[in-house]
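Trainee: Submitted below is the structure of interest, expressed as structure tokens.
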Amino acid sequence: MEANHPYGDDDVLIEAEVNGNWTPQEKALHEARLKAKAKRRLRKSSSRNSTSESFSESGDLAGGDPHSPKGKVTTNDRKSRTGKGRGLPKKGGAGGKGVWGAAGMVYEDEEPDARDPNYDESAQGDTVYATVVPEVDERELEKMVNPIVQEYFEHGDTKEVQMLLKGLNLGPHKYEFSSLAVSLSLEGKASHRELTSRLLSDLSGKVLSQSDMARAFDKMLKELPDLILDTPEAPQMLGQFIARAIADHVLPMSFLDCYKGKVDCEHARVALDRAAVLLTMKREMVRLDNVWGVGGGLRPVKHLVKEMNLLLKEYLTSGDVSEAEHCLRDLEVPHFHHELVYEVVVMVLESKGDTASHMMIKLLQSFWKTGLITVDQMNRGFQRVYDELPEINLDVPHAHSIMETFVDLCYQESVITKQLRDACPSRGRKRFVSEGDGGVIKN
């Protein structure tokens, strides 16, 4: 076909137009080809102009071949390939992979990013770690404080409590520790209240301030109507706590003055009056150490002996076994109960008549059944009397016979064991012969 038409398709179409032989389809196809050719020429002319301008500005290849392919002229240039713009490098030559940046650029030190995959924690120098303790919620405060106070009642170490409190972030509820500790001690023993007063004294100025203490006692004064439901003596006890706290400088001296004429609650008035009375006594500025008594083994031995003697004398007068048991428990000296047994036996030996003997057996029997006095303490008390019986006999001539009778009665009432009864010493009946025999004992 090309051999028959050496001029190409366009020439054939032009010849057909001249001869007037075009069909409508050929005419439309010819017009479309002309439009496409015009567009191509316009595109080529615009790209050639931009290339010549960029070459003339840089001073290189100003006279390059405009008909050369784009890829050969701009192979290594970072220029736009779209034919738009002035043909300058992107980002001034500072962009692209493996590029250090524009000439003369100074980089500042960047802070290491912990999220960077190449982040090395050990290469960052000294690292300071801070432990963040969350603030204790008010609803969980009581659950966390109660075990601390209960354990303190067992070991009595205030420094350990300070360490535990410093590890807790109590926040604005810090003052409630004092009120919770006092509330727990009101339900406990006198020794617990003594320990609580010491704890408040040691915590004052270190963990809790005077304002925290005042706020805690103010809260307790308002809660007295609820406290007396479990502890009827709560107003008097709280008054003693307030007096002890003021004497120990835990509360300011003006604490009581703030409530004068401003208290409507009857129980709160009783507590404040109790504190005022204790502070106006002769030992006003003395540290009120004995406001709770001296608990347990902290008491001197002479004081304990005196208390037990008083207990037994009151029992012989009243005959109230339950009151005697209550007084003995309040002494909180289970390791010293052998002294009570010793004093009981000595009183029986020194008494006249059988009344004291029967009352003391009843008392020992009650203590034995309730487990207040153990078998070890019972045996130890009787053994002490056995050992000292020769000396007691100097003051009480019939001590041996009285002792044998009392021991037999105690055994019959199951107060002592058979071994302890058999260990009771008996007075030997030795008879001397006449002086002429030289005082030889007759067998």
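The values are calculated or read from the model by the stated rules, or taken from the named source; none is laboratory data. Quantities reported herein were computed from a predicted structural model and do not represent experimental measurements. Virtual Cβ from ideal backbone geometry, glycine too; neighbours counted across all protein chains shown. Just so you know, the surface numbers come from the protein's heavy atoms only, side chains and all, with ligands and any DNA or RNA stripped out. Shrake-Rupley method; radii C 1.70, N 1.55, O 1.52, S 1.80 Å.
Trainee: Determine the shape class of the range 190-237: with a ≥ b ≥ c the square roots of the Cα gyration tensor eigenvalues, call it rounded for a/c under 1.5, and otherwise prolate if a/b is greater than b/c, oblate otherwise.
Mentor: oblate
Trainee: Let me ask something additional. Under the rule a/c < 1.5 gives rounded, and otherwise a/b versus b/c splits prolate from oblate, where does the range 301-423 land using the Cα gyration tensor?
Mentor: Details: a/c = 1.40, a/b = 1.30, b/c = 1.08.
Here the range 301-423 falls in the rounded category.
Trainee: Considering only protein heavy atoms, what per residue accessible area in square angstrom results for the range 138-290 with a 1.4 angstrom probe? Please list the in-between numbers first.
Mentor: Values: 8030 Å² over 153 residues.
I get 52 Å² per residue for this part.
Trainee: Mind giving me the nanometre distance, one decimal, between the label points for Val301 and Arg215, set 7 Å out from Cα along Cα→Cβ?
Mentor: 4.9 nm
Trainee: Among Leu186, Leu272, Leu168, which residue has its Cα furthest toward the positive end of the charge dipole of the range 138-290, with +1 on Lys/Arg Cβ and -1 on Asp/Glu Cβ?
Mentor: The listed residue farthest towards the positive side: Leu272.
Trainee: A follow-up question, please. Quick check: with the 1.4 Å probe, what order do Thr317, Thr196 take by accessible area, largest first?
Mentor: Result, largest first: Thr317, Thr196.
Trainee: Follow-up. Solvent-accessible area per residue for the range 319-358 at a 1.4 Å probe radius, Å²?
Mentor: Per residue, the range 319-358 has 46 Å² of solvent-accessible surface.
Trainee: Then there is this: Let me cross-check Trp22: its accessible surface, 1.4 Å probe, with only protein heavy atoms counted, in Å² to the nearest 10?
Mentor: Accessible area of Trp22: about 50 Å².
Trainee: Same structure, new question: I'd like the carbon and sulfur percentage of the solvent accessible area for the range 138-290, probe radius 1.4 Å, heavy atoms only, ligands and nucleic acids excluded. Walk me through the numbers before you get to the answer.
Mentor: Numbers: 4000 of 8030 Å².
Roughly 50 percent, rounded to a whole number.
Trainee: Oh, and also: Can you sort Ser185, Ser191 by 1.4 Å-probe accessible area, starting with the largest?
Mentor: Result, largest first: Ser191, Ser185.
Trainee: Between Met163 and Glu223, what FRET efficiency follows from the Cβ-Cβ distance if R0 is 25 Å, with the result rounded to 0.05?
Mentor: It comes to 0.30.
Trainee: Of Arg421, Arg41, Arg215, which has the most accessible area with a 1.4 Å probe, and how do the rest follow in descending order?
Mentor: On the way: Arg421 70, Arg41 165, Arg215 125 Å².
Highest to lowest solvent-accessible surface, that is Arg41, Arg215, Arg421.
Trainee: As I understand it, the dipole of the range 138-290 uses +1 on the Cβ of Lys and Arg and -1 on the Cβ of Asp and Glu, about the Cα centre. Which of Met237, Ser209, Phe153 lies farthest toward its positive end?
Mentor: Positive-most Cα among the choices belongs to Ser209.
Trainee: Rounding to the nearest 20 debye, state how big the charge dipole of the range 315-386 is about its Cα centre with +1 on each Lys and Arg Cβ and -1 on each Asp and Glu Cβ. Don't skip to the answer; put the middle values down first.
Mentor: Working: 6 positive and 10 negative charges, 51 e Å.
Once rounded to the nearest 20, the dipole reads 240 debye.
Trainee: Moving on to the next point. Could you work out what % of the accessible surface of the range 301-423 is carbon and sulfur, using a 1.4 angstrom probe and leaving DNA, RNA and ligands out of the count?
Mentor: 52 percent
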